[in-house]
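Below is one structure, written out as structure tokens; the observations come after it.
We did not get these values from a lab; they are worked out from the coordinates using the rules stated. The model shown is predicted, which means the values in this text are computed figures rather than measured ones. Note: ideal-geometry Cβ built from the backbone for every residue, glycine included; neighbour counts use all protein chains shown.
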Amino acid sequence: MALANDQFLTDEIHPIDIVETLAEHRAWEFDRMGDDQIAMAIEGQWRSYSLTLAWSGRDETLRLICTFEMEPPEDRMAEVMGVLNLANDMVWGGGFTYWAAQRLMVWRYGLLMTGGQVAAPEQIDAMVETAIAACERFYPAFQLVAWADCSPEDAVKLAIAQAYGRA
């Protein structure tokens with residue numbers, strides 16, 4: 001079933017309504033937290049990710065935050081920040097940050113829709129897929145730096161390596 005079907009052929013649809021329909025279509029667990037916010041849980045290869053999408057009418061931005069728990073040892077935080085910076089240098093459709101108080105690694109992205117633009121379902125789907133792909137790609141590097149005393153440079157090489165064939 002295509003995401004862009006008749007129910008999206010209106011300029012009046014709310015971005016969070018599109019996200020909700022997408023979540024239903026993909027069979028993702030979600031909770032509509034209000035008119036302007038939805039939370040989802042998406043299972044990845046490495047772990048489950050928590051996503052929140054929120055619409056801000058004031059600045060006409062659809063914000064995506066994708067998080068996963070990460071509690072690196074305090075003595076490895078400088079290296080974790082180093083690999084986080086290297087990861088951010090390699091991505092364009094968002095960026096990582098670490099929320100120390102909550103012990104969460106965070107992927108953030110904002111889709112600007114100024115001038116009354118409407119997000120296409122394919123755009124929102126791509127936002128979510130990009131977030132999950134980035135977290136999946138760099139999760140092993142973050143873990144290697146935090147727990148295996150791997151250098152940020154060596155760990156990020158794992159994230160840029162392409163696998164060939166099948167195991």
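Looking at this structure, is A41 of a type outside the set (F, W, Y), surrounded by 15 or more Cβ atoms within 10 Å (Cβ to Cβ) and on the phi < 0 side of the Ramachandran plot? So A41 fails the test.
Just give me the residues in region 147-159 being closer than 14 Å to N85 by Cα and not basic (K, R), in sequence order.
Residues satisfying the conditions are S151, P152, E153, D154, A155, V156, A159.
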